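Every number here is computed from the coordinates shown, using simple stated rules; none is lab data. The shown structure was predicted, so the numbers you read here are calculated from the model rather than taken from an experiment. Methodologically, a virtual Cβ is constructed for each residue, glycine included, from the backbone with ideal geometry; neighbour enumeration extends over all protein chains shown.
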Amino acid sequence: MAESVSATNELPSIPGDPSPFVRFWTSLRKNNSAMTGLGIIAVFAVVAVFAPALAPYDPLIQIIGDRLTPPLTDGYFLGTDDLGRDMLSRIMYGTRISMIIGVVSVSIGSLVGGLVGMLAGYFGGIFDRITMRIIDIMLAFPYILLTIVIVALLGASLVNAMIAIGISQIPRYARIMRGSVLAEKESDYVLAERSLGAKDGELMFSTILPNTLAPMSVQATLGIGEAILSSAALSFLGLGAQPPTPEWGLMIASSKEFVTSAWWVVTLPGVATLIAVLGFNLLGDGLRDVLDPRLQE
Amino acid sequence: MGRLILRRIVQLIPTLFGVVTLAFFMLALSPGDPARVMLGERASQARLDELRTQLGLDRPLIEQYGLYLSRVVQFDFGTSIKSGRAVTEEIADLFPATVELALAAMVFASFTGIVLGVLAARKKNSLLDTASMAAALIGVSMPVFWLALVMIMIFSVGLNLFPTGGRMNIRYYFTPITGFYLLDGFIVLLREGDPKYLMSALHHLVLPAVALGTIPLAIIARVTRSSMLEVLGQDYIKTAKSSGIPDFKITFVYALRNALLPVVTVIGIQFGLLLSGAILTETIFAWPGIGKWLYHAIEARDYPAVQGGIIVISTVFVLINLLVDLLYSVINPRIRLQ
């Protein structure tokens, strides 16, 4: 009997039966939204990694004589800003910063939030009640307000912006993880592992964890897009990246005085932000469709 | 129902207590010295000590916290370091501006979003459906402050249709009555028959409201569409159709009513978020509301103002969420029992 129960956890591989990953990839490939999103992200990732090779100019070099050159003029594909810096190169380097911010802050949020949610859901009791109370209080603060206050207290910088965004995102991951753990922990396969003598740590991290990754990865994908937007907002308020960093939000902020004269300085960094965030939102929506069969129409 | 409301309000108390506690300790434990901020870098040690005693900063933290709690309960958030005025008074002065902007944005977002969502759901996979859902996805993916700037660039600077900022033509020497300028303009119109204040207030409100309302609009449209699709697929709609009830009536009366439940929730949540999103829009449109005020308070490290602002905004946010929950159980009797 014990053997057949433990078998539910590790199915014997039948020849011709595709692995879970292959099955996941097959259905993801049929999802237009996910593939478009993935394509956008891939382009941005390539630009981020190879920015030094791809960018035609140094993003910080100022050619004062060429200041505010419109796009497609004098070899400047996207024009130059008020200090004569190449917009295309700045946007390319900005991709680097935004991708790093997105990944780092979501890692902070999902690791801390996931761990808290796992422990709270698994052990329950007083620890669960106290941590969930704290999470509720954090959720009582509007997200962007919480981020602004944390970064204002830590001091304005890019690193602190990432930490603040990560902290503000903790509650959502904690809740999702706790919910999934509560749903999984009484399942037969977990009870079976337990009856076979598995320890708490083993149950949490090797039995239950893999089954909570679907909702977590949907939220993390959407979270990266939101983190990019938040970091742009913080830089816009002067609380994130500092000049002359080519960060998109900061570029938009410093273009404020050119709304009357140079549309490209105002518009282009925003368009880059929009497309990048759109990529993560498309992928997140697609992942949700693929990973959550209940939502499939 | 009465008991439900009472229970929910009682449940609110620990959350609000937590909000006040967190707001107090976040600022109290942050680096920087309020006395130093008030007196400037070159203040003498004696004056600093004197001010610290006066502000109670020399006492143990836990005592300061107790004192702060006892004052907050009486709606006393202390005195703003920057202006020297009572924080409560400043917030009360600025709150109408923010609420007016948020309400206008929400009315725009709800109306347009629901209509768009319903039309998209009625003709699923049509050009209108695809286009409006693509627009909605773009809407949730862009930075609000950037949209605001682009709108200023196009509609204020380029086409010269709307002012770039402020709430009222500065040449009007306008004394607010309620602080809600639309309402004030209307009162003046009734009293004196002069519509210029009302028109000016409206003229200034359009651009910020549309900019602030765009993201909620996109979210409301998406939720309305998926909720409508679910309802339109149900048996009672098919029955209604087979009974020959006009399509228009089925969509807007029978289906929409039930489809609105999740939409109401989203509208409430978005309204709460708008109040905090105002910190960005108000800064761009020079809108003298609580968001712009809080931003400057943070910049100036005006501790009592920041604490008060955070507590008030979060409290309103929590209250709106409560209201939405209660409203939801009023509309949908099925969940009232829980």
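Assorted remarks:
- Rg followed by Dmax, in Å, when the range B:19-73 is reduced to its Cα trace: 12.2, 36
- Positive-end residue, the range A:33-295 charge dipole about Cα centroid, Cβ charges, pick of A:A262, A:G37, A:L139: A:L139
- Prolate/oblate/rounded call for the protein assembly as shown, Cα gyration tensor, a/c under 1.5 rounded: rounded
- Euclidean distance of C-alpha centroids, the range A:205-224 and the range B:83-111, integer Å: 39 Å
- If you take the Cα centroid of the range A:109-156 and the Cα centroid of the range B:279-312, the two points sit 24 Å apart.
- Centre-to-centre separation between the Cα atoms of the range B:1-49 and those of the range A:32-50: 43 Å.
- Residue among B:S70, A:I252, B:G2 farthest towards the positive dipole end of the protein assembly as shown, charges placed on Cβ: B:G2
- The range B:236-338: C-alpha gyration tensor shape, a/c 1.5 cut-off, then a/b vs b/c: oblate
- Residues B:Y303, B:Y197, A:Y57 arranged by fewest to most Cβ contacts within 10 Å: A:Y57, B:Y197, B:Y303
- Assuming charge only on the beta carbon of Lys and Arg (+1) and of Asp and Glu (-1), the dipole of the protein assembly as shown about its Cα centre is about 1260 debye to the nearest 20.
- From most to least packed by mean Cβ count within 10 Å, the peptides A:222-232, A:242-252, B:106-116, B:55-65 give A:222-232, A:242-252, B:106-116, B:55-65.
- Residue of A:R175, A:R129, A:R23 that the Gaussian network model of chain A assigns the largest fluctuation, springs spanning Cα pairs under 10 Å: A:R23
- Only the Cβ atoms of Lys and Arg (+1) and of Asp and Glu (-1) were treated as charged; on that basis the dipole of chain B about its Cα centre amounts to roughly 1120 debye.
- Given charges at beta-carbon only (K, R positive; D, E negative), |dipole| of the range A:33-295 in Debye: 420 debye
- Local charge for A:I135 was computed over the other residues whose Cβ lies under 14 Å away, with Lys and Arg +1 and Asp and Glu -1, and equals +3.
- The count of lysine pairs in the protein assembly as shown with alpha-carbon distances below 28 Å, taking only pairs 8 or more places apart or on different chains, stands at 15.
- Helix axis angle, B:196-232 relative to chain B longest principal axis, alpha carbon, degrees: 50 degrees
- Of the DSSP H helices in chain A, those whose Cα atoms cover at least 18 Å axially and whose Kyte score averages -0.5 or more: A:32-49, A:87-123, A:125-140, A:158-185, A:213-236, A:263-291
- Seen against the Cα atoms of chain B and their longest principal axis, helix B:256-284 is set at about 30 degrees.
- Whole-number Å³ per residue for the convex hull built on Cα positions in chain A: 167 Å³
- Estimated purely from DSSP H runs of n ≥ 4, each contributing -39500 (n - 2.57), the mean residue ellipticity at 222 nm for the protein assembly as shown is -23000 deg cm²/dmol once divided by its residues.
- Positive end of the dipole of the range B:226-338 (Cβ unit charges, origin at the Cα centre): among B:F248, B:M228, B:V264, the Cα lying farthest that way belongs to B:F248.
- Residue mean of other protein chain beta carbons inside 10 Å, A:230-236: 3
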